[in-house]
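A short write-up of the structure that comes next.
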Amino acid sequence: MARDPDEGGAFVFDLVDDDVADLEAPLTPSGADGPSGADGEGDPDGVDLAPGEVLSGTLGRGLRVLAPVLAVLAVVVGTGFAVDGVRDGARMERMRDVHGGVVDVSAPLRETWEWDGRVGPVGVADEGRWNEVAVLGDLLAFQSGEDLVALDPATGDEAWRLRLGEDPDCGPQGSVGWAEAVTSQLVCLADAGPDRVAVVVGPDGVASAERTLGAADARRYGAARPGPDGTVLRAERVGPEPPSGANDGVCTSPGECTGTVEVGRAVRIRSEDAVTGEERWRVTVPFRSTRADQCTNWYATHWDGSSNMMDLDDMVDDDGFGARITADVVQLYGCGVESAVTGDGVLLGAESEPGTRGVESLRTGGYMLYTFDGAVSSTLYDADGGLVGEIDGYVLEPTAVDGSEPETLLASGASGPSVRSYALDGTSRWDDAAPGEMQLFLAQVGGAAIFQTGAGQVRALDLATGTEQWTWDPAEPDEAYPNDLYVTRAFTDGQFVLLVVETSAGGKGLVALDAVSGEVAWEQHGFEVSSSDKALGPSSGLVAVDGNLLEVAPGGVRGLG
């Protein structure tokens, strides 16, 4: 207990409670010489420690009692250092587990390690797939030629490497800096003689037994691609061929199309367990009438239905289709079938006119469908594909969060330059009528929603009320950046917001803003990283993995800190 001091005196604490009287004895680990005995049997809370190991997790009874007392003492004597250290440690650990979270971006970045090697698959058909990666557990995983490689994000060491075989294809993956996949397992397909084989790989780098994907299944269900949640996806056009002359759509050169494609075939997608081959779900996407410019034959994927990649005399391909497969949703695009299918086989967007919609998965669960046929609107779905609600305008989630509060959504573009906030269930929170339409929801950090306007300003609004907290204008005060600056990505350590910025003239840089005041903490123009003669390349992107910031380029990976 504490006794009040005399005037001008100091606080005096009496630590004499019977429950903590044994604190006067030294705290020794089990097995060491001390009052507990050689085997620790005299201490019911004895903990075995290896040489150099410290107590963590479960504390002994005495230490559990003493810890809060020490924290109080630190505050009373006016230091608070212990409390600040605990809070900083908790914040840093929290940042390892949130989207866009980095342990520390308070100072200019420097190169901490470098890994040289190819990032991406091989082959002419794969040239557009550079920089595709996955955050696999706490590792960065990617194809490197015919291998699958996983790097420790703190050191750059290879955690493991697997040889996949010829013509490998792993997924789900995504382009770093834009839509890198976060997944608990990867599915890899590779050639093995006349047939493909499939394996599933987890964060430990252990691959499942190979399963042969026979040619008969390919003829029956379509070509195979890696799918989400340990699956193999197959797809093909089904139904009768359209009669000759049924469609009047014509494309004579890229971007010059007239007419419509009224009749076509549906696409059937089949999901099967990658290890057992058991069917998980099957969805048929109906064909809908569509403009001819939605039927050009440029779908350079394994699901491309055309054998003629570019015919300038007739570019319409009413059978062509492809897909972008993420960890949660299959984005199907192609002539008359543009839709999305969730990882559980729920079809979304089949009612919309092809070419006027898109579907994205939300990190917190659920999906968002946006339509842009005339006025922009957004529809929210829960994790099971059930309708949650509709919101005018386009809805965005933050590219980085600090994990201190439930995530919010921002909407803009419905009627006039306003920004609105919604809970994940679609409930309206506030409407900010101030000028400045939102272009990108950068971060939710420190009780603020931080976004970029169409004019290039970065604004922070109070998360609870919508009240403006600060504005950063990159054109002021020294014209360091022109007015056409835009932000491509944001990261946060819970105290600062790191912006990856570019301009239409090709200028690039990094800017760190104080999340509370909006003041510039530091800048690095031209992406130059201190203590290194290299700059972030034009084809590179940044990604946060387990609280570490990494730059990924087609020719390698390096750590920044």
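The rows are residues; the columns are (1) under 31 Å from the mean Cα position of the chain (by Cα); (2) at pLDDT below 90; (3) open to solvent by 40 Å² or more (accessible area, probe 1.4 Å).
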site: Gly202; (1), (2), (3): yes, no, no
site: Leu213; (1), (2), (3): yes, no, no
site: Ala218; (1), (2), (3): no, yes, yes
site: Arg282; (1), (2), (3): yes, no, yes
site: Trp298; (1), (2), (3): yes, yes, yes
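In region 409-420, the count of residues that are in a loop (DSSP other than H, G, I, E, B), touching an Asp or Glu at 6+ places or on another chain (Cβ under 9 Å) and under 19 Å from Leu362 (Cα atoms) is zero.
Per-residue answers, yes or no, for (1) modelled with pLDDT under 80; (2) open to solvent by 10 Å² or more (accessible area, probe 1.4 Å):
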| residue | (1), (2) |
| --- | --- |
| Thr258 | no, yes |
| Ala266 | no, yes |
| Arg270 | no, yes |
| Val275 | no, yes |
| His302 | yes, yes |
| Ala340 | no, no |
| Asp344 | no, yes |
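Residues in region 329-338 that are open to solvent by less than 20 Å² (accessible area, probe 1.4 Å) and assigned to a loop (DSSP other than H, G, I, E, B): Cys335, Gly336, Val337. For Ser378, the test of being touching a residue at least 24 places away in the same chain (Cβ under 8 Å), under 29 Å from Arg270 (Cβ atoms) and polar (S, T, N, Q) is failed.
So that you can scan it fast, the table gives a plain yes or no per residue for (1) touching a His at 6+ places or on another chain (Cβ under 8 Å); (2) more than 16 Å from Arg225 (Cα to Cα); (3) at pLDDT below 90:
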{"residue": "Leu162", "(1), (2), (3)": "no, yes, no"}
{"residue": "Thr183", "(1), (2), (3)": "no, yes, no"}
{"residue": "Ala192", "(1), (2), (3)": "no, no, yes"}
{"residue": "Val199", "(1), (2), (3)": "no, no, no"}
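Among the residues of region 459-479, which ones are open to solvent by 40 Å² or more (accessible area, probe 1.4 Å) and either at pLDDT below 90 or not in a strand (DSSP E or B) (or both)? Once the filter is applied, which keeps residues that are open to solvent by 40 Å² or more (accessible area, probe 1.4 Å) and either at pLDDT below 90 or not in a strand (DSSP E or B) (or both), region 459-479 yields Ala464, Thr465, Thr467, Glu476, Pro477, Asp478, Glu479.
Within region 384-398, restricting attention to residues that are assigned to a strand (DSSP E or B), open to solvent by 30 Å² or more (accessible area, probe 1.4 Å) and not aromatic (Phe, Trp, Tyr), the residue that is farthest from Arg420 (Cα to Cα) is Leu387. Screening the candidates Ser418, Ser412 for the property of being farther than 30 Å from Cys335 by Cβ, open to solvent by less than 10 Å² (accessible area, probe 1.4 Å) and not hydrophobic (A, V, I, L, M, F, W, C) yields one hit, Ser412. Here Asp319 fits the description: crowded, with 20+ Cβ neighbours inside 10 Å, at pLDDT 80 or above and in a loop (DSSP other than H, G, I, E, B). When region 546-561 is examined, which residues are found to be in a strand (DSSP E or B), under 20 Å from Ser184 (Cβ atoms) and open to solvent by 10 Å² or more (accessible area, probe 1.4 Å)? Asn548 - this is the single residue of region 546-561 that is in a strand (DSSP E or B), under 20 Å from Ser184 (Cβ atoms) and open to solvent by 10 Å² or more (accessible area, probe 1.4 Å).
Contact map, region 107-122: first residue farther than 12 Å from Gly559 by Cα and in a strand (DSSP E or B), second residue at pLDDT below 95 and among the hydrophobic types (A, V, I, L, M, F, W, C), Cβ cut-off under 6 Å, separation 6 or more or different chains; pairs are Gly120/Trp130. Taken over region 170-205, the criterion of being over 30 Å from Arg96 (Cβ atoms) and of a type outside the set (Val, Ile, Thr) is satisfied by Leu189, Ala190, Asp191, Ala192, Gly193, Pro194, Asp195, Arg196, Ala198. All told, Thr453 falls short of being among the polar types (S, T, N, Q) and surrounded by fewer than 16 Cβ atoms within 10 Å (Cβ to Cβ).
The single condition among (1) open to solvent by 60 Å² or more (accessible area, probe 1.4 Å); (2) within 30 Å of Leu136 (Cα to Cα); (3) modelled with pLDDT of 85 or more that Arg291 does not meet is (2). Counting just the residues of region 366-383 that are aromatic (Phe, Trp, Tyr) and in contact with a strand residue (DSSP E or B) (Cβ under 6 Å, 6 or more places away or on another chain), which one comes out least open to solvent (accessible area, probe 1.4 Å)? Checked region 366-383; the qualifying residue least open to solvent (accessible area, probe 1.4 Å) is Tyr367. The set of residues in region 139-160 being open to solvent by 10 Å² or more (accessible area, probe 1.4 Å), without any contact (Cβ under 8 Å) to a residue 40 or more places away in the chain and either in a strand (DSSP E or B) or aromatic (Phe, Trp, Tyr) (or both) consists of Ser144, Asp147. Report every pair of residues separated by at least 6 positions or lying on different chains whose Cβ atoms are under 6 Å apart, first residue within region 199-227 and touching a residue at least 24 places away in the same chain (Cβ under 8 Å), second among the polar types (S, T, N, Q) and part of a loop (DSSP other than H, G, I, E, B). From residues that are touching a residue at least 24 places away in the same chain (Cβ under 8 Å), the pairs are Val199/Ser208; Val200/Gln185; Val200/Ser208; Gly202/Gln185.
The values are calculated or read from the model by the stated rules, or taken from the named source; none is laboratory data. Model, not experiment: these values are computed from the prediction. Every residue, glycine as well, gets a Cβ built from its backbone with ideal geometry; the counts of neighbours run over all protein chains shown. Just the protein is used for accessible areas: all its heavy atoms, side chains included, with ligands, DNA and RNA removed. Shrake-Rupley method; radii C 1.70, N 1.55, O 1.52, S 1.80 Å.
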